[in-house]
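Report on one structure; see the data block that follows.
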Amino acid sequence: MVGPRNPNDLGKETGKDLPAGSRPSGAKSSKSKSAGATRRTAVGLILGAPLLAACSGVQNSLSQFSNPFSPSQPAPAPGPAGPVQQSAVVGNGGVKVGLILPLSAAGNAGVAAQSMRSASEMALSEFLNPNIQLLIKDDTGSPQGAQQATQQALGEGAEIILGPLFALSVPATAQLTRARGVSVIAFSTDSSVAGRGVYLLSFLPESDVNRIIEYAASTGKRSFAALLPENAYGNVVEAAFKQAVGRRGGRVVAFEKYGADRTAPAQRVAQALGQADALLLADDGDSVATVADALTAAGANLKSLQLLGTGLWDNPRVFASPKLQGGLYAAPDPSGFRAFATRYRAKFGTEPVRTATLAYDAVALVAALARTQGGQRFTQDVLTNTSGFAGIDGLFRFRPDGTNERGLAVMRVATGGGVPVAGSPKSFGA
């Protein structure tokens, strides 16, 4: 059942498993011990029912939202697709939580929002007697709508806001919540909108890059090359890549970006691959396959080094590419989503969008914190617990700057799909 672990068991686990650097300081005094234990209680939260056996054939029909690692969220179409949806209340608990989604937005955004709403209601139904009252608001996919929805939720007593989905809407919400000292857990993939009191529960490329470079380095790779797209996603990956390689004492022997023309950058990288142990390609499935073709045409022997990728590689086009077979990429262990999708289909009779787990985990998180953390439940100290939380897609934790870190698996590309080669970590380091 969803909920915190047995507190007695939790104390044993946190005392044994956490690295010293992640424990609260000042543990010698009884007062500090009590405060530290309260903060660490959140470590043991299990945000979701026990994982079921993996099921086959999870179909993702909404390309922009089915893949949580999409380089950027599509901008919502101007205006709502239909009438603004009326506010709704789910649950009758004493802790009020605002949920802001573009429920009436046009196109895939509105469909994704509806799936995320269903997932949030599913989280409440699976949590044992949650003390939560979910205030569901439609922001129409616009900053103006987000501001109105946030104002309504705060006026009704919301202690924390979940959402919005779009980066353009997050600052409109944050402007109001910061003035009230209310935290926000948003779903945007744009790290630039994170900040004080605004935490992103999304799939950020930085986590993918850090995990795959760390894994490659642990297997002896020291010389890295990268060929990345010339766009915002590529810029984020570039910074994370260079930092991760530097942390492991590696070196970057070749680095190029490409726009519409991939030929010239691919040729320059191909010429330097003789010095590289590994090559990072970070783009969507179609583009990665095309880049691999361009590299091969330029004379690169992609079998002579380790190909590395991000969660965008979780794509049928990648799995079907002979040139990418054996490549490694970072992503959540797929068994979590498969189990979630099984329960979702049983409850709603439809497929969830891939980002539906974000809404589920957000609601389950606030329900668990409301149960275990008392009046401090949504403070920065609790939300940024360095040991993190366990969700549908594995471990995650919020950083003080509002971004997040995820505990990811390492997958190998095979014709039938991704095959795990290294599991998700069971705990975070300091």
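Considering only region 78-118, state which residues are of a type in the set (Lys, Arg) and part of a strand (DSSP E or B). Outline the logic, then answer.
Residues of region 78-118 of a type in the set (Lys, Arg): 96, 117.
Of everything in region 78-118, just one residue is of a type in the set (Lys, Arg) and part of a strand (DSSP E or B), namely 96.
Of everything in region 339-387 that's among the acidic types (Asp, Glu) and over 15 Å from the mean Cα position of the chain (by Cα), which residue is least open to solvent (accessible area, probe 1.4 Å)?
Residue satisfying both the conditions and the ranking: 351.
So which residues in region 365-385 are out of contact with any strand residue (DSSP E or B) (no Cβ under 6 Å at 6 or more places or on another chain) and not hydrophobic (A, V, I, L, M, F, W, C), if there are any at all?
371, 373, 374, 375, 376, 377, 379, 380, 381, 385
Give 134, 165, 128, 154 a once-over and let me know the one that is crowded, with 23+ Cβ neighbours inside 10 Å, out of contact with any Phe, Trp or Tyr (no Cβ under 8 Å at 6 or more places or on another chain) and not hydroxyl-bearing (Ser, Thr, Tyr). Spell out how you get there, then give the answer.
Working: 165 fails: out of contact with any Phe, Trp or Tyr (no Cβ under 8 Å at 6 or more places or on another chain); 128 fails: crowded, with 23+ Cβ neighbours inside 10 Å; 154 fails: crowded, with 23+ Cβ neighbours inside 10 Å.
The conditions single out 134.
If we keep just the residues of region 225-239 that are out of contact with any Leu (no Cβ under 9 Å at 6 or more places or on another chain) and part of a helix (DSSP H, G or I), which is modelled with the highest pLDDT?
Step by step, filter region 225-239, then rank; the result is 239.
What are the residues in region 393-403 that are of a type outside the set (Ser, Thr, Tyr), outside any strand (DSSP E or B) and open to solvent by 10 Å² or more (accessible area, probe 1.4 Å), if any?
Those that are of a type outside the set (Ser, Thr, Tyr), outside any strand (DSSP E or B) and open to solvent by 10 Å² or more (accessible area, probe 1.4 Å): 399, 400, 401.
Could you tell me whether any residue of region 231-245 is small (Gly, Ala, Ser), open to solvent by 60 Å² or more (accessible area, probe 1.4 Å) and in contact (Cβ under 8 Å) with a residue 60 or more places away in the chain?
We begin by selecting, within region 231-245, every residue small (Gly, Ala, Ser); these are 232, 234, 239-240, 244.
With open to solvent by 60 Å² or more (accessible area, probe 1.4 Å) added as a condition, the list becomes 232.
Then keep just the ones that are in contact (Cβ under 8 Å) with a residue 60 or more places away in the chain; that gives 232.
Yes, region 231-245 contains at least one residue that is small (Gly, Ala, Ser), open to solvent by 60 Å² or more (accessible area, probe 1.4 Å) and in contact (Cβ under 8 Å) with a residue 60 or more places away in the chain.
Got a sec? Which of 350, 384, 342, 310 is at pLDDT 95 or above, among the β-branched types (Val, Ile, Thr) and closer than 26 Å to residue 158 by Cα? Steps first, answer last, please.
Details: 350 fails: closer than 26 Å to residue 158 by Cα; 342 fails: closer than 26 Å to residue 158 by Cα; 310 fails: closer than 26 Å to residue 158 by Cα.
384 is the lone residue from the list that is at pLDDT 95 or above, among the β-branched types (Val, Ile, Thr) and closer than 26 Å to residue 158 by Cα.
Scan region 180-199 for residues that are in contact with a helix residue (DSSP H, G or I) (Cβ under 9 Å, 6 or more places away or on another chain), at pLDDT 95 or above and more than 15 Å from residue 359 (Cβ to Cβ) and report the count.
Number satisfying all stated conditions: 8.
Test residue 280 against the stated conditions and say whether it is under 18 Å from residue 312 (Cβ atoms) and in contact (Cβ under 8 Å) with a residue 60 or more places away in the chain. Give the derivation first.
Details: under 18 Å from residue 312 (Cβ atoms): yes; in contact (Cβ under 8 Å) with a residue 60 or more places away in the chain: yes.
In short, yes.
Hey, among the residues in region 404-430 that are among the basic types (Lys, Arg) and either open to solvent by 20 Å² or more (accessible area, probe 1.4 Å) or within 14 Å of residue 335 (Cβ to Cβ) (or both), which one's modelled with the highest pLDDT?
The first filter runs over region 404-430 and keeps only residues among the basic types (Lys, Arg), leaving 406, 412, 426.
Now narrow it down to the ones that are either open to solvent by 20 Å² or more (accessible area, probe 1.4 Å) or within 14 Å of residue 335 (Cβ to Cβ) (or both): 412, 426.
Numbers: 412: 98, 426: 86.
The selected residue is 412.
Give me the pairs, please: first residue somewhere in region 323-334 and closer than 19 Å to residue 405 by Cβ and in contact (Cβ under 8 Å) with a residue 40 or more places away in the chain, second residue anywhere and among the aliphatic types (A, V, I, L, M) and part of a helix (DSSP H, G or I), beta-carbon distance under 7 Å, and either six or more positions apart or on two chains.
Sorted first by the residue in region 323-334, then by its partner, the pairs are 329/212; 330/212.
Quick one: what pairs do we get from region 301-320, first residue without any contact (Cβ under 8 Å) to a residue 24 or more places away in the chain, second of a type in the set (Lys, Arg), C-beta under 9 Å, 6+ apart or different chains?
Here the result reads 302/323; 303/323, each pair linking region 301-320 to a residue that is of a type in the set (Lys, Arg).
The values are calculated or read from the model by the stated rules, or taken from the named source; none is laboratory data. Being a predicted model, the structure only gives us computed values, none of them experimental. Because the Cβ atoms are built from the backbone with ideal geometry, glycine has one as well, and the counts that use them run over all protein chains shown. With ligands, DNA and RNA removed, areas are computed over all heavy atoms of the protein, side chains included. Shrake-Rupley method; radii C 1.70, N 1.55, O 1.52, S 1.80 Å.
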